[in-house]
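The values are calculated or read from the model by the stated rules, or taken from the named source; none is laboratory data. These numbers were taken from a predicted model, which means no experiment stands behind them. All Cβ positions, even for glycine, are placed from backbone atoms using ideal geometry, and neighbour counts span all protein chains on display. Quick note on the areas: whole protein, heavy atoms, side chains included, nothing else; ligands and nucleic acids left out. Shrake-Rupley method; radii C 1.70, N 1.55, O 1.52, S 1.80 Å.
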Amino acid sequence: MIRIVASALTLTLLLGGCGLRPLYGGGEAGVVRQTLSGVEVAPIAGQNGWLVANALRDRLRAEGPARYRLEIRLDDDITGLGVRRDDSITRERRTLRARYQLIDLSNGAVTLDATAGSDAGIDVVTSEYATIAAERTALERLSVIVADQIVTRIALGTERQRP
């Protein structure tokens, strides 16, 4: 028991000196939180764009004047995978990819140019309504995943620029 406690204490002391810092250190007044709250999401076309934009706004919690504009182009694709002998599809894959740029509004410079994306599998059943509902649910989940990836990438970029 003493050996376990001593090992845990040693590990804690070693990690404290390795330079790791919490990403959202400083809470609401921290550099990362302040940067995220200054990001304005440009309108994104389509239903998938509406879902991604809302998910981003929920995560960024923009307050006050915008210092950055986030421009996003989406690619939403559904591909049939499982095919029966009668050429009916039994499985689909929905893929949502985002190409995004973070633009500094003070000088128009692109500070971040990256991509994010994810995919989801969908079972195609005999009920067309059920299949459409599954495709919509997959799009809603993918929108949240892509928004999380984008916000994380912006936060990490802000953290890397911090002294």
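Here are the numbers for this structure:
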item: Taking region 94-158 and dividing mean pair separation by its residue count, relative contact order in percent (alpha carbons under 8 Å, at least six apart); result: 33 percent
item: Förster radius 22 Å - calculated FRET efficiency between I78 and T126, Cβ distance, rounded to 0.05; result: 0.75
item: Region 46-90: translational diffusion in µm²/s, Stokes-Einstein, Kirkwood Rh over Cα pairs, 20 °C, 1.002 mPa s; result: 153 µm²/s
item: Solvent-accessible area per residue, Å², over region 92-163 with all protein chains present [probe radius 1.4 Å]; result: 53 Å²
item: Share of alpha-carbon pairs per 5 Å distance bin for region 52-163, given as whole %; result: 2, 11, 18, 19, 15, 11, 8, 7, 5, 3, 2, 1, 0
item: Solvent exposure ordering (accessible area, 1.4 Å, most first) of T115, T126, T95; result: T126, T115, T95
item: Accessible-area order (highest first, 1.4 angstrom probe) of the listed residues Y68, Y129, Y100; result: Y129, Y68, Y100
item: With every protein chain in place, region 73-163: carbon and sulfur % of accessible area (1.4 Å); result: 48 percent
item: In nm, spacing of pseudo-spin labels at R85 and I4 (7 Å Cα→C-beta vector); result: 6.0 nm
item: Largest to smallest principal axis extent of the C-alpha atoms in region 111-163, angstrom; result: 57, 13, 13
item: Length-normalised contact order of region 42-92 in % [C-alpha pairs under 8 Å, at least 6 apart]; result: 29 percent
item: Inter-probe distance in nm under a simple model that places probes 7 Å from Cα toward Cβ, at D104 and E135; result: 4.3 nm
